[in-house]
Amino acid sequence: MQYKITLIPGDGIGPEVTNAAVKVIEAAGVNVEWDIVNAGAGVIEEAGTPLPEAVLESIRNNKIALKGPLTTPVGSGFRSVNVALRKEFDLYANVRPTKTFAGVENKFENIDLIIVRENTEDLYAGVEHMVGKDAAESIKIITREGSTRVVRYAFELARKQGRKKVTAVHKANIMKCSDGLFLECCRQVATEYPDIEFDDSIVDAMCMRLVQYPENYDVMVLPNLYGDIVSDLCAGLVGGMGMAPGANIGKDVAVFEPVHGSAPDIAGQNISNPLSTILSGVMMLRHLDEHEKADNIQTAVEAVLAEGKDVTPDLKGTASTDEMAEAIINKLK
């Protein structure tokens, strides 16, 4: 079967890591026609926007995309291409697995958890304004519909993957209306899944527990802001952002992307860790029910990491981005 998939190379190191992922996916035997479209800071001068209509049209047609990191202006200008894509296609669930790999230096073993982050509401809805000259106000939006569907997604994911527990993370002790509603929705949905254990935790306490006993957690579901912060914390537990894949899932469209940024300071040097993008590609293949090919890539990645020879500088190696991708391809062969 041939797939037509939108490919957005991205800014900074984006083209390097997406190129590596494309090579690995093709080497695994997946038949893909890549529909390459450009977005981000690099196209603003030519297109007048970081998110040209051609990008949106490609994703609408193909329903699935693999994208590199995009640069978001700080403080002013276009708010975020990533946020715009999530709103345009109602990509309501942001999924970020966190897993320890043999050969990657970290302080923990046996971490294998998934962050499911609500992706369209909360403070990231971007409803904010100035109050006079000296105060700014942001509105935290939590809805029953938005909370219920992302919590149900988390439970369905847990059931599909044979996981045992879902933990809701919140600050309902302080934000009794907004986070209180999120927690209420979690508790209601949990009653529909008696086969899966459910508990909840206040977000600050969860951050402490994650750096003490991360192996105790399985699937966590969080509102948008907490999910963003806690998923980055979890990436730090297993080797950094280069090890952190991600997916944005909607009803009809899915966009897969590395969690890390565009790292313009090392762009063009061919030293970026491509694993976050490659593992995002693995998630994409599982979404397409190409489980055998996804497993083969995962196994090849694990073998390269365990050997520790052909890895990039952030993993204490000397390999280039291309060399690490080639080592994974050789394991596939």
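Points to keep in mind about this one:
- In the condition set (1) surrounded by fewer than 21 Cβ atoms within 10 Å (Cβ to Cβ); (2) closer than 30 Å to L332 by Cβ; (3) modelled with pLDDT of 95 or more; (4) not acidic (D, E), M1 is compliant with all but (3).
- Number of the exception - D199 against (1) more than 24 Å from the chain's Cα centre (by Cα); (2) surrounded by fewer than 18 Cβ atoms within 10 Å (Cβ to Cβ): (1)
- M243 vs. criteria in contact (Cβ under 8 Å) with a residue 60 or more places away in the chain, farther than 14 Å from T18 by Cα, touching a Phe, Trp or Tyr at 6+ places or on another chain (Cβ under 8 Å) and buried (at least 20 other Cβ atoms within 10 Å of the Cβ): yes
- Test result for L279, within 29 Å of A93 (Cα to Cα), touching a residue at least 24 places away in the same chain (Cβ under 8 Å) and out of contact with any helix residue (DSSP H, G or I) (no Cβ under 8 Å at 6 or more places or on another chain): no
- Residue-level check: of (1) at pLDDT 95 or above; (2) in the same structural domain as G12 (by TED's automatic domain parsing); (3) not in a helix (DSSP H, G or I); (4) not charged (D, E, K, R), G75 misses just (1).
- You will find that of N270, N330, the residue that is surrounded by fewer than 20 Cβ atoms within 10 Å (Cβ to Cβ) and part of a loop (DSSP other than H, G, I, E, B) is N270 and no other.
- S138 meets all of the listed conditions (1) exposed (fewer than 12 other Cβ atoms within 10 Å of the Cβ); (2) more than 27 Å from L237 (Cα to Cα); (3) not charged (D, E, K, R) but one, namely (1).
- The conditions of being in contact (Cβ under 8 Å) with a residue 60 or more places away in the chain and among the charged types (D, E, K, R) are not met by E137.
- Residue list for segment 47-64, restricted to those being of a type outside the set (S, T, N, Q), touching a residue at least 24 places away in the same chain (Cβ under 8 Å) and assigned to a helix (DSSP H, G or I): V55, L56, I59, R60
- For segment 283-323, the set of residues classified as within 13 Å of V30 (Cβ to Cβ), assigned to a helix (DSSP H, G or I) and out of contact with any strand residue (DSSP E or B) (no Cβ under 7 Å at 6 or more places or on another chain) consists of L285, R286, H291, E292, K293, A294, D295, N296, I297, listed by residue number.
- Note on segment 282-321: among residues that are free of Cβ contacts under 8 Å to residues at least 40 places away in the same chain and of a type in the set (S, T, Y), the one that is nearest to P97 (Cα to Cα) is T299.
- Subset of segment 6-46 (residues that are in contact with a helix residue (DSSP H, G or I) (Cβ under 6 Å, 6 or more places away or on another chain), assigned to a strand (DSSP E or B) and buried (at least 21 other Cβ atoms within 10 Å of the Cβ)): T6
- Listing of strands (runs of 3 or more DSSP E) fully contained in segment 83-141 that carry 1 or more residues being aromatic (F, W, Y) and touching a strand residue (DSSP E or B) at 6+ places or on another chain (Cβ under 8 Å): none
- Odd one out for M220, checked against (1) hydrophobic (A, V, I, L, M, F, W, C); (2) over 28 Å from V203 (Cβ atoms); (3) assigned to a strand (DSSP E or B): (2)
- Considering the conditions (1) part of a loop (DSSP other than H, G, I, E, B); (2) within 21 Å of A93 (Cα to Cα), K176 is excluded by exactly one of them, (2).
The values are calculated or read from the model by the stated rules, or taken from the named source; none is laboratory data. Fair warning: this is a prediction, and the values are worked out from it, not measured in the lab. Cβ coordinates were reconstructed from backbone atoms using ideal geometry, including for glycine residues, and neighbour counts include every protein chain displayed.
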